[in-house]
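A.B. asks: One structure, pasted below without further comment.
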Amino acid sequence: MYDHIADAMKKPAIIKLESNLFALRFETMKLYSTITAVERLLDEGRIDTKTTLIDSSSGLYAYALAMACHKHGLKSRIVASTTINKSLAALLENLGANVEKIPAQTTLKLDQKFRVEKVLDVMKKERNHYWMRQYHDDIHYLGYEDVAKQIIREVGTENLTVVGAVGSGCSTGGITSYLRCDNEDVRLIGIEPFGSVTFGSQGVQDPDMLVAGIGSSIEFQNVRHELYDDIHWVSFNYSRVGAIHLLRDYAIFAGLSSGCAYLVARYEAEADHRGNYVFIMPDTGHRYIDAVFTGDEEVSDRDSLAPTTIHGMNEISLDWCTLNWSRRTYTIKK
């Protein structure tokens, strides 16, 4: 029995799709890490019931923070991206969050820059606010230890590869770091959209969109580049193909980052029958219904899609390419 709905929602389900392909399916992924982070801050006395927790978000983290604050009787304040629609904003407000939606910006870079500047302005002017710094504070890694333990119990770590969108770096980095405490040979494949600075694709723009929530126009300090074995860059259109095939073939309703993770993990698993592949599915597909699941656009056969193998970041190109990263460090160009 659970004392709060957030505790029931945070645990993922591991679903076996093929003999060596497993979906790590979250209802809303960042709940685990956010609840753990808030509880650690409370235990250490760094926040209390008079503190308002603030951060910027494009969606998932906003919901997770509102839920964590509801569970512990805290106040939350969200500086929201324009990607947060009216339905999600209403949900957040009913959970008690103060939602401040920024004016529409012409680019993702300006959107993120404006949100961060707004948070910094609030921190200067307001008392009893604590900035959660989801992109930079590695306290958000802690909640993924239990997820790693679940993978060890249900799948094991022998010949294991984790596949997931990079985003803030906490889910792929946290899960894999804890898995490597059991087996240092666990591989990690990160997925990036085009137009993101995190792994150097900012010079290649996706004509349709930047997949929300998994790329960045600013540096995220929680991304530990040296954890990744391979990087795949995947376009919006190919991510959409993956999401639609997940629904049609397995009845799993999920968003774009789940779609591209599935596409990459399936491709890798089919080429390596000895290994097990677990791909991360951060959320459901409800916020993507209009952009992904409706319309008359033809959907490509997933088996007709394959990445181009590149040998340097100067070769990054649409719609899907991959580079052997080899756990090396990387300095983001300012």
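The values are calculated or read from the model by the stated rules, or taken from the named source; none is laboratory data. As the structure is a computational prediction, the values presented were derived from the model and not from experiment. In this analysis, Cβ positions are derived from the backbone assuming ideal geometry, glycine residues included, and neighbour counts consider all displayed protein chains.
A.B. asks: Of a type in the set (S, T, N, Q) and surrounded by 13 or more Cβ atoms within 10 Å (Cβ to Cβ): does that describe SER304?
C.D. replies: No; evaluated as a whole, the condition is false for this residue.
A.B. asks: Applying the selection to segment 27-52, what residues are of a type in the set (Gly, Ala, Ser) and touching a helix residue (DSSP H, G or I) at 6+ places or on another chain (Cβ under 7 Å)?
C.D. replies: As a first pass, look at segment 27-52 and keep what is of a type in the set (Gly, Ala, Ser): 33, 37, 45.
Answer for segment 27-52, where residues must be of a type in the set (Gly, Ala, Ser) and touching a helix residue (DSSP H, G or I) at 6+ places or on another chain (Cβ under 7 Å): SER33, ALA37.
A.B. asks: Could you tell me whether any residue of segment 153-171 is part of a helix (DSSP H, G or I), over 19 Å from ALA68 (Cβ atoms) and either among the aromatic types (Phe, Trp, Tyr) or assigned by TED's automatic domain parsing to the domain that holds THR36 (or both)?
C.D. replies: Initially, segment 153-171 is screened for residues part of a helix (DSSP H, G or I), giving 153-154, 170-171.
Then drop every residue that is not over 19 Å from ALA68 (Cβ atoms), which leaves 153-154.
Okay, now just the ones that are also either among the aromatic types (Phe, Trp, Tyr) or assigned by TED's automatic domain parsing to the domain that holds THR36 (or both), so none.
There is no residue in segment 153-171 that is part of a helix (DSSP H, G or I), over 19 Å from ALA68 (Cβ atoms) and either among the aromatic types (Phe, Trp, Tyr) or assigned by TED's automatic domain parsing to the domain that holds THR36 (or both).
A.B. asks: Which residues, counting only those in segment 167-193, are in contact with a His (Cβ under 9 Å, 6 or more places away or on another chain), within 24 Å of ASP137 (Cβ to Cβ) and β-branched (Val, Ile, Thr)?
C.D. replies: Residue satisfying the conditions is ILE191 alone.
A.B. asks: Looking only at segment 121-151, count every residue that is of a type outside the set (S, T, N, Q) and either assigned to a loop (DSSP other than H, G, I, E, B) or in contact with a strand residue (DSSP E or B) (Cβ under 8 Å, 6 or more places away or on another chain) (or both) and tell me the total.
C.D. replies: The number of residues fulfilling the criteria is 16.
A.B. asks: Tell me whether segment 245-254 contains one or more residues that are within 14 Å of ALA306 (Cα to Cα), hydrophobic (A, V, I, L, M, F, W, C) and either assigned by TED's automatic domain parsing to the domain that holds PRO307 or at pLDDT 95 or above (or both). Reasoning before the result, please.
C.D. replies: Going residue by residue through segment 245-254, those that are within 14 Å of ALA306 (Cα to Cα) are none.
For segment 245-254, residues within 14 Å of ALA306 (Cα to Cα), hydrophobic (A, V, I, L, M, F, W, C) and either assigned by TED's automatic domain parsing to the domain that holds PRO307 or at pLDDT 95 or above (or both): absent.
A.B. asks: Residue under question is ILE218, and the condition is that it be of a type in the set (A, V, I, L, M, F, W, C), within 25 Å of VAL186 (Cα to Cα) and touching a residue at least 12 places away in the same chain (Cβ under 8 Å); does it hold? Outline the logic, then answer.
C.D. replies: Numbers: of a type in the set (A, V, I, L, M, F, W, C): yes; within 25 Å of VAL186 (Cα to Cα): no; touching a residue at least 12 places away in the same chain (Cβ under 8 Å): yes.
No.
A.B. asks: Among LEU17, LEU31, LEU42, which is the only one that is assigned to a strand (DSSP E or B) and surrounded by 15 or more Cβ atoms within 10 Å (Cβ to Cβ)?
C.D. replies: Checking each option against the conditions leaves just LEU17.
A.B. asks: For the structure I just gave you, tell me whether ARG302 is within 24 Å of PHE22 (Cα to Cα) and within 21 Å of the chain's Cα centre (by Cα). If you could, list the steps in order and put the result at the bottom.
C.D. replies: On the way: within 24 Å of PHE22 (Cα to Cα): yes; within 21 Å of the chain's Cα centre (by Cα): no.
The answer is no for ARG302.
A.B. asks: Looking at (1) part of a helix (DSSP H, G or I); (2) among the acidic types (Asp, Glu); (3) in contact with a helix residue (DSSP H, G or I) (Cβ under 9 Å, 6 or more places away or on another chain), which one does ASP206 not meet, given that it meets all the others?
C.D. replies: Checking ASP206 against (1) part of a helix (DSSP H, G or I); (2) among the acidic types (Asp, Glu); (3) in contact with a helix residue (DSSP H, G or I) (Cβ under 9 Å, 6 or more places away or on another chain), the one that fails is (1).
A.B. asks: Which of the residues belonging to segment 83-103 are closer than 14 Å to SER56 by Cβ, among the hydrophobic types (A, V, I, L, M, F, W, C) and assigned to a loop (DSSP other than H, G, I, E, B)?
C.D. replies: ILE84, ALA97, ILE102
A.B. asks: If GLU315 passes every condition in (1) surrounded by 11 or more Cβ atoms within 10 Å (Cβ to Cβ); (2) free of Cβ contacts under 8 Å to residues at least 12 places away in the same chain; (3) not assigned by TED's automatic domain parsing to the domain that holds ALA254 but one, which one does it miss?
C.D. replies: Result: GLU315 fails condition (3) only.
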